[in-house]
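The values are calculated or read from the model by the stated rules, or taken from the named source; none is laboratory data. None of the values given here were measured: they were computed from a predicted structure. Because the Cβ atoms are built from the backbone with ideal geometry, glycine has one as well, and the counts that use them run over all protein chains shown.
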Amino acid sequence: MRGALIAVCCAVALGLAPGAQAQGRVETLADIRQEMSVLFVELQRLKRELNTTGAPEVGSPAGTALQRIDAIEGALQQLTARAEEMEHRIARIVNDGTTRLGDLEFRLCELEPGCDPATLGETSTLGGGAQPVAPAPATPSAPSAGGAEMAVGEQADFDRAQAAYQAGDFDAAAAQFAAFTETYPGGPLSGVAHFLRGEALSAQGRTSDAARAYLQSFSGDPDGARASEALLQLGVSLGTLGQTQEACVTLSEVATRFPGATVVPEAAAAREALGCP
């Protein structure tokens, strides 16, 4: 990749000073066409660098559920940083290459009889599409008053499932919350819906299913309104299932991640009950 990028950057850099190449000789139509051919060859090399070379090497991290989540989050952050760096570099190359191509088109028009440079218009962006702009550093934006926008019917479906839960119809509530999370994945109420589904399943004695729901609630919205409760109930569920070591680690994360949460004393009590070190 580095070799292709250096080659293109060098070609672009040379194109920014056309007089240096033509110094001492008269530029012909063939010279300009040759320069255009070189430019397109370098662009083809760049396109080949964007193709994958094989299957991604993704391993399954060992450890507890929380440790695996942290490992996945770290890998995603690294991939995002690499993608952003590549986006910046490609944007610069395309911008410079488009500028050079526009200059070549203008010079070519000057050499062709009957061509008016004023009618050329704007040069097409290399690779098609709009002129790329290197993205500016992300700045946190103030949250809107109403939070994330919900889909049509999302609030009504959530209220219906919550009404079943509050009425003690835990079987219907669990089913409706499951349908809700499938219909509105990643929505603003998704984390709460997973948590309440876990509560409904727990009330039915379905501890294993409840633990998975709590894990989905926390991993899907680790900073949400019910995140600390979801993490607590996940640890309690693991302890009930006999996964004492995993339960102790999970419960210890409650105070670490949410030091000011009201559930911290409850997590400490649950650790003591399990005999955690």
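In table form, for the structure just shown:
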| item | result |
| --- | --- |
| Unique match (being loosely packed, with under 11 Cβ neighbours inside 10 Å, among the aliphatic types (A, V, I, L, M) and modelled with pLDDT of 70 or more) among ALA81, ALA55 | ALA81 |
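The rows are residues; the columns are (1) outside any loop (DSSP other than H, G, I, E, B); (2) of a type in the set (D, E, K, R); (3) at pLDDT below 95.
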site: GLU149; (1), (2), (3): no, yes, yes
site: VAL152; (1), (2), (3): no, no, yes
site: GLN155; (1), (2), (3): yes, no, yes
site: ALA164; (1), (2), (3): yes, no, no
site: ALA175; (1), (2), (3): yes, no, no
site: GLU182; (1), (2), (3): yes, yes, yes
site: GLY186; (1), (2), (3): no, no, yes
site: PHE195; (1), (2), (3): yes, no, no
site: GLY198; (1), (2), (3): yes, no, no
